[in-house]
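Only one structure is covered here, and it is reproduced in the block below.
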Amino acid sequence: MSVAVDCSSEETADILVESQNSSLLENETEDIEEFFNVAMELAKNAGKVVRSAFSEKKNINTKLTGQDLVTETDQAVEKMLISSLKERFPTHSFIGEESVSAGKKCELTDNPTWIIDPIDGTNNFVHGNPCIAISIGLAVKKELLIGIVYNPIQERLYSAKKGQGAYCNNEEVTVSGQTELENALIYSEFGAHRDPEKLEIKFGNMYNIIMNGHGIRAQGSAALDMCGIACGEADAYVEYGIHVWDIAAGILIACEAGGIIMDPDTGGKVDLMSRRILCASSRSLANQLKNQVTPQSFPSD
Ligand code: IPD
Ligand code: CA
């Protein structure tokens, strides 16, 4: 299932022409405005819940591994977001991290689909580290139209609507434009997997990156990594094993800030469900980073 999220300079024009010719929604502009405004309000409300729970004692459970954590706040925020969106938009579909963990099918169809991570960076949340975000994306016909990533602790609200730029707290943001890996700061993450073979490949990739670039940062939130690229705070990000809810909103924000989104295996368009992502401030940097990583396969979302 290929998704139109390649933001390469050569292909962006194609994507824009395609969407001008065939609207994804009946009243696309009005609909997107309404969806965006509703989602922004909900993100702010969710932020209040996350902020007040941040310094409280947490009830922590584990999921697939002992490092794959969930708290009652993750579950409560996801429930609140999905039930409120469902009330406003009863025909829409939903993918949420905690609903999928609870057994709901993770399915991306052509129907307008809200893709939600109630807390990206749950491990940080558990440890009182402020690098956490609520992530809300909307895809229509598998194309991302809205991305909202909100860090309520550091009060940074990132947002993008397709074709309308990317913003942090109402100020337009752009990528650094860095073209050379040797001058680049790269985000890459350890993730929650503890399979020794996979970790060995991951560490090998990190070794290659650090030997060829300026440095690596692992903030513990894929969504904030992509927003960091959008703001020019780092130059690229690569991760295998990621899920659609970690990256959907961040992809649009990075794209709208001028970034490149690439499948690190093929160098082509990203399949949102493929569990891998490479995001960079330029096509040249994306290609150089791609050459430093050994592919790993994970079962699709
Ligand atoms: C995690 C974060 C982390 C990434 C993991 C994700 P979660 O999301 O985005 O940076 O390395 O792969 O699972 O579990 O905190 O929502
Ligand atoms: Ca999460």
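The values are calculated or read from the model by the stated rules, or taken from the named source; none is laboratory data. For clarity, every value in this text was computed on a predicted model and none was experimentally measured. Virtual Cβ from ideal backbone geometry, glycine too; neighbours counted across all protein chains shown.
Can you give me the ranges of the helices (runs of 4 or more DSSP H) entirely in the range 72-139 with at least 1 residues that are free of Cβ contacts under 8 Å to residues at least 24 places away in the same chain?
Ranges flagged: 72-88, 97-101.
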Inside the range 195-301, counting only strands (runs of 3 or more DSSP E) that do not spill past its ends, which hold 2 or more residues that are under 16 Å from the mean Cα position of the chain (by Cα) and at pLDDT 95 or above?
236-240, 260-262, 276-280
Determine the pairs where a residue that is under 18 Å from CYS106 (Cα atoms), located within the range 267-289, has a partner that is among the acidic types (Asp, Glu) and surrounded by fewer than 22 Cβ atoms within 10 Å (Cβ to Cβ) with Cβ atoms under 7 Å apart, the partner being 6 or more residues away or on another chain.
VAL270/ASP6; VAL270/ASP263; ASP271/ASP263; MET273/ASP301; SER274/ASP263; ARG275/ASP301; ARG276/ASP263; ARG276/ASP265
Might you let me know whether the range 164-175 holds any residue that is modelled with pLDDT of 95 or more, in contact with a His (Cβ under 6 Å, 6 or more places away or on another chain) and either surrounded by 15 or more Cβ atoms within 10 Å (Cβ to Cβ) or aromatic (Phe, Trp, Tyr) (or both)?
no
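Inspect all residues belonging to the range 153-166 and state whether any of them is assigned to a strand (DSSP E or B) and in contact with a Lys or Arg (Cβ under 7 Å, 6 or more places away or on another chain).
Restricting attention to the range 153-166, the residues satisfying the condition of being assigned to a strand (DSSP E or B) are 156-161, 166.
Still in the list and also in contact with a Lys or Arg (Cβ under 7 Å, 6 or more places away or on another chain): none.
Taking every residue of the range 153-166 in turn, none turns out to be assigned to a strand (DSSP E or B) and in contact with a Lys or Arg (Cβ under 7 Å, 6 or more places away or on another chain).
If you take the residues in the range 112-146 that are of a type in the set (A, V, I, L, M) and away from ligand 1 (no atom under 12 Å from the Cβ), which one is surrounded by the fewest Cβ atoms within 10 Å (Cβ to Cβ)?
Residues of the range 112-146 that are of a type in the set (A, V, I, L, M), as a first pass: 115-116, 119, 126, 132-134, 136, 138-140, 144-146.
Now drop any that are not away from ligand 1 (no atom under 12 Å from the Cβ), which leaves 115, 136, 138-140, 144-146.
Details: ILE115: 29, ILE136: 29, LEU138: 27, ALA139: 29, VAL140: 21, LEU144: 27, LEU145: 24, ILE146: 27.
So, considering only residues that are of a type in the set (A, V, I, L, M) and away from ligand 1 (no atom under 12 Å from the Cβ), the one surrounded by the fewest Cβ atoms within 10 Å (Cβ to Cβ) is VAL140.
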I'd like the full set of residues that are touching a strand residue (DSSP E or B) at 6+ places or on another chain (Cβ under 9 Å) and surrounded by fewer than 18 Cβ atoms within 10 Å (Cβ to Cβ), limited to the range 64-88.
ASP68, GLU72, ALA76, LYS79, MET80, LYS86
